[in-house]
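Each remark here refers to the structure printed beneath this line.
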Amino acid sequence: MTSDSLPKTDPTRWRLHTSAIGVHTWTYLPATALPTSRPQTFAEKYFLGLASPSTSLPPPHTYSSAARNGLLFYSQLQLESGHWSSSYAGPSFTLPGLVVALYITDGAIPAEWAIDMTQWVCRYQNDDGGWGLHIPGRSTLFATVLYYVSLRILGIDEGHAVTVRARGWIRGMGGAVAVPQWGRYWLALLNLYEWEGVQPVPSELWTLPTWIPIHPWRWWVQCRSVYLPVSYLYSNRCQIPLNDFLLALRRELYTQPYDSINFNEYIHTVSPVDRKRPLNLFLTVVNHVLRTWEWYIRPLWLHSHANAVVRALIRREDENTAYNDIATVNKAFHTVAVHFADGANNSAVKLHWEKVLPYLWRDEVGLNAGGTNGAQLWDTAFSVIAIVEAGLGEDAQFNSVLEKAHKFLEVSQFRDDVDDPFRQARKGGWPFSTRDQSYIVSDCAAEGLKATLMLQEELGFSKLISKQRLYDCVDTLLKMQNPDHGFGSYEKARVGTYIELLNPAEVFDRCMVEYSYPECTTAVITGLAMFRKYYPSHAGKKIDEVIQSATGYLKSNQWQDGSWYGSWGICFTYGTMFALEGLAATGLTYATSEEVRRACHFLVEKQKDDGGWGEHWESCERREYVEHEESQVVNTAWAVLGLMAARFPDRAVIARGLEIIRRRQQPNGEWLQEAVSGIFNCTCTIEYPNYKFHFSIRALGRFEHEYVPAMNTIAR
Ligand code: LAN
């Protein structure tokens, strides 16, 4: 949808500020401050789509020089505090959560935010008038209702072409009655849906003894973090009072008069275009039992007790995460929960408002909220690894780039555990984004460890991160192994997957528990293997055992066709690349392992005629390889990285892939954005704009710096 007719801000007035720990905030300068303010940096201009192409570099005649050109461009995007960042767009339920939370709590939405958020949302409207669960997705009621309400809050009136078309789509679907649960929460809070039509999320769950298998502390942390504030809001039927605007929305969102709708009847009715998981009978029965309990049995004292318990847990999470909370969705619900629990304008709400900005990113389209408060540590660790693997770490020109990145790794490492018995120990680990977000992620910790070891041990940088701090990281990682010997994301698994039966969210699959993932498992294997090389005396026996058993997990997770399913990147190409790296770290290569040979054949079979690889995001949802029409630079980099790790003997196959990466490189060293490369919960894509840089640099550089010499040694 074109957003040309809508107001625009002046992109030259936007500035990106980053704190020492990588928290980023985009601010809009007053026009009067412009003449005296600092000029925009290259990175700011690039993010805002204002950068004129930088000068052409000498054409690369080798893959290594293409990697070097890539880094010459990419290093200009490194930010002040030493990290790389980018927009982190994809899901359609992040921005609306924050907008609605600000509306409910009377928080300020500055005019420039409203203008640029509107621009962003309108740009991604589908031709049919709706929006998808994520940018490339087909229209869903969930996204369309949430964006519709957000646009109205942001000031778009009901007669505007964008809202008219969106409303037409919503009404064509029978109105908002059949919106999925996660949309109902927001509508109910806005007094646009009745809580009796929402599946129960009783706060008493948090008062159960922790040994009970369904206690929420056992759920996947991303999921329980959402249901914690939601349980407070649900159990207290929190709703803001009606006003003329909300009354208008009631008329706009439904096909019949609001008061005539029996919301109770819709409890299990969800629009078929939204439903990704069939409704299960078990959950239906549980919901009826819970409602009977709430309506007729639950004593008042227990309700009050549960309220107090949940409020305390909300406070604990807020304080432990500096009011960022774990990610955008629960952050928005927390903001609203503390508003209702403590009263309007209380100090906790104000602290929440301050932490909205780090979730927002101004890109060339407008202002959007990412899936988290950034991907700072993740991108930085991968960038360091790419630079070193490509042999560019010894190039004096990039010394200061690595030094700055090293400092960022140092400030981002967790030095202690948090005071929360429900949380996984994190000391020595690293987060996905920033230290103040506070959550360890197994693979972020492992990639952070590898990046540090590469700098400090391989390149001889100073020991900014002491030996003891590396030990801490390893000890913490060793505690995260699951009973199936794999590694999950944030925590060690706490309950069996049968809990998925209780998943009330219709739009996400596999989100109730921590699973083991080949990607996370590989990161830990490779991290531990590298650590063992430099520090063989620390926890040597345990590390050997963990690496060996985790390798067993990888093998047992291989699909019939030789691939691995990737949960966080698209899809089989991503999973297979990681698994091959993991197996290689334990010495399993094409020459020595049947599993590796099968995986290589899988990849080779998927190579396109032009030499590249291209996988469509629908692979993740359909659970079978879906080819993208075009080769993709990022998929190609992953495939050749996997093949090189496996020491696949036919160099020509790899070189044909690298040719694609080299051909797509612009004369200034840049790569342009292609199809989306990230995913979560099997259904929702998310963008990792820096992947096209660091994975390409790594693939190009690895060929001559590591793969060819290794193959020559094997041949000798
Ligand atoms: C992320 C982003 C990063 C990702 C990797 C580090 C890449 C992965 O290897 C481990 C899992 C992790 C940390 C991850 C988990 C789920 C997140 C936080 C996200 C995909 C970004 C957004 C998503 C979050 C769950 C969105 C909210 C939706 C829910 C269903 C709760």
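Matching residues to (1) of a type in the set (S, T, N, Q); (2) within 23 Å of Glu687 (Cα to Cα); (3) open to solvent by 10 Å² or more (accessible area, probe 1.4 Å); (4) in contact with a strand residue (DSSP E or B) (Cβ under 8 Å, 6 or more places away or on another chain):
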{"position": "His17", "(1), (2), (3), (4)": "no, yes, yes, yes"}
{"position": "Pro60", "(1), (2), (3), (4)": "no, no, yes, no"}
{"position": "Ser75", "(1), (2), (3), (4)": "yes, yes, yes, no"}
{"position": "Ser81", "(1), (2), (3), (4)": "yes, yes, yes, yes"}
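Scanning segment 454-472 for residues that are of a type in the set (Lys, Arg) and surrounded by fewer than 16 Cβ atoms within 10 Å (Cβ to Cβ), we see that the one that is nearest to Val384 (Cα to Cα) is Lys463. As a summary of the residue check, Tyr227 satisfies the conditions (1) surrounded by 21 or more Cβ atoms within 10 Å (Cβ to Cβ); (2) over 16 Å from Arg311 (Cβ atoms); (3) in contact with a Pro (Cβ under 8 Å, 6 or more places away or on another chain) except for the one numbered (2). In segment 626-661, which residues are over 28 Å from the mean Cα position of the chain (by Cα) and either among the charged types (D, E, K, R) or at pLDDT below 95 (or both)? Residues satisfying the conditions are Arg647, Asp650, Arg651, Arg656, Glu659. On inspection, Ile654 qualifies as of a type in the set (Val, Ile, Thr), part of a helix (DSSP H, G or I) and more than 29 Å from Thr55 (Cα to Cα). Across segment 225-245, the qualifying residues are those that are assigned to a loop (DSSP other than H, G, I, E, B) and either touching a residue at least 40 places away in the same chain (Cβ under 8 Å) or among the β-branched types (Val, Ile, Thr) (or both), and the one among them that is nearest to Gly107 (Cα to Cα) is Ile240. Scanning segment 40-53 for residues that are within 16 Å of Val365 (Cβ to Cβ), without any contact (Cβ under 8 Å) to a residue 12 or more places away in the chain and not in a helix (DSSP H, G or I) yields one hit, Ala51.
Taking segment 235-280 as the range and being within 15 Å of Arg171 (Cβ to Cβ) and open to solvent by 70 Å² or more (accessible area, probe 1.4 Å) as the test, the residues that pass are Arg251, Thr255, Pro257. Among the candidates Thr94, Thr41, Thr25, which residue alone is on the phi < 0 side of the Ramachandran plot, open to solvent by less than 10 Å² (accessible area, probe 1.4 Å) and at pLDDT 95 or above? Answer to the check: Thr94.
Here is the figure for segment 427-436: residues that are within 16 Å of the ligand (Cβ to nearest atom) and crowded, with 24+ Cβ neighbours inside 10 Å total 6. Inspect all residues belonging to segment 484-504 and state whether any of them is buried (at least 16 other Cβ atoms within 10 Å of the Cβ), more than 15 Å from the ligand (Cβ to nearest atom) and over 22 Å from Trp219 (Cα atoms). There is no residue in segment 484-504 that is buried (at least 16 other Cβ atoms within 10 Å of the Cβ), more than 15 Å from the ligand (Cβ to nearest atom) and over 22 Å from Trp219 (Cα atoms). The residues listed here are Asp475, Asp509; of these, the one that is within 16 Å of the ligand (Cβ to nearest atom), at negative phi and open to solvent by 20 Å² or more (accessible area, probe 1.4 Å) is Asp509. Of the candidates Ser37, Ser19, Ser87, the single residue that is farther than 29 Å from His705 by Cβ and free of Cβ contacts under 8 Å to residues at least 60 places away in the same chain is Ser37. If you filter segment 202-224 down to residues that are outside any loop (DSSP other than H, G, I, E, B) and open to solvent by less than 10 Å² (accessible area, probe 1.4 Å), you find that the one that is nearest to the ligand (Cβ to nearest atom) is Cys223. Total residues in segment 59-103 satisfying the condition of being more than 23 Å from Asp363 (Cα to Cα), assigned to a loop (DSSP other than H, G, I, E, B) and either among the polar types (S, T, N, Q) or within 16 Å of the ligand (Cβ to nearest atom) (or both): the figure is 1. All told, Cys682 meets the bar of being within 16 Å of the ligand (Cβ to nearest atom), surrounded by fewer than 20 Cβ atoms within 10 Å (Cβ to Cβ) and in contact (Cβ under 8 Å) with a residue 12 or more places away in the chain.
Annotation note: of Asn635, Asn668, the sole residue that is touching a residue at least 24 places away in the same chain (Cβ under 8 Å) and assigned to a loop (DSSP other than H, G, I, E, B) is Asn668. Taking segment 437-469 as the range and being away from the ligand (no atom under 16 Å from the Cβ) and outside any loop (DSSP other than H, G, I, E, B) as the test, the residues that pass are Thr452, Leu453, Met454, Leu455, Gln456, Glu457, Glu458, Lys467, Gln468, Arg469.
Look at segment 186-210: where a residue is at positive phi and a partner is open to solvent by 40 Å² or more (accessible area, probe 1.4 Å) and not polar (S, T, N, Q), sitting 6+ places away or on another chain with Cβ atoms under 6 Å, you get Asn191/Leu242. The set of residues from segment 136-150 being over 16 Å from Leu247 (Cα atoms), buried (at least 21 other Cβ atoms within 10 Å of the Cβ) and of a type outside the set (Gly, Ala, Ser) comprises Thr140, Leu141, Phe142, Thr144, Leu146, Tyr147.
I'm checking my understanding of the structure. Among residues of segment 332-365 that are basic (Lys, Arg) and without any contact (Cβ under 8 Å) to a residue 40 or more places away in the chain, which one is surrounded by the fewest Cβ atoms within 10 Å (Cβ to Cβ)? The extreme case among them is Lys350. Quick check: anything in segment 400-410 in contact with a helix residue (DSSP H, G or I) (Cβ under 6 Å, 6 or more places away or on another chain) and polar (S, T, N, Q)? No; the residues of segment 400-410 include none that is in contact with a helix residue (DSSP H, G or I) (Cβ under 6 Å, 6 or more places away or on another chain) and polar (S, T, N, Q). All of Glu704, Glu670 fail the test of being away from the ligand (no atom under 16 Å from the Cβ), out of contact with any strand residue (DSSP E or B) (no Cβ under 9 Å at 6 or more places or on another chain) and farther than 18 Å from Asp379 by Cα, apart from Glu704. Tell me whether segment 166-177 contains one or more residues that are open to solvent by less than 10 Å² (accessible area, probe 1.4 Å) and of a type in the set (Phe, Trp, Tyr). The answer is no; no qualifying residue exists. Identify all residues within segment 416-429 that are of a type outside the set (D, E, K, R), under 27 Å from Gly582 (Cα atoms) and out of contact with any Ser or Thr (no Cβ under 6 Å at 6 or more places or on another chain); write none if there are none. Across segment 416-429, the qualifying residue is only Gln424. The one condition from (1) under 21 Å from Pro504 (Cα atoms); (2) of a type outside the set (A, V, I, L, M); (3) outside any loop (DSSP other than H, G, I, E, B); (4) open to solvent by less than 20 Å² (accessible area, probe 1.4 Å) that Gln199 does not meet is (3). Residues of segment 554-571 that are small (Gly, Ala, Ser) and away from the ligand (no atom under 13 Å from the Cβ): Ser556, Gly562, Ser563.
Looking across Ala337, Ala322, one residue alone is modelled with pLDDT of 95 or more and on the phi > 0 side of the Ramachandran plot. It is Ala322.
The values are calculated or read from the model by the stated rules, or taken from the named source; none is laboratory data. Quantities reported herein were computed from a predicted structural model and do not represent experimental measurements. As a convention, Cβ positions derive from the backbone with ideal geometry for all residues, glycine included, and neighbour counts pool all protein chains shown. The protein model used for the area step is the full one, side chains on, heavy atoms only, and it has no ligands, DNA or RNA in it. Shrake-Rupley method; radii C 1.70, N 1.55, O 1.52, S 1.80 Å.
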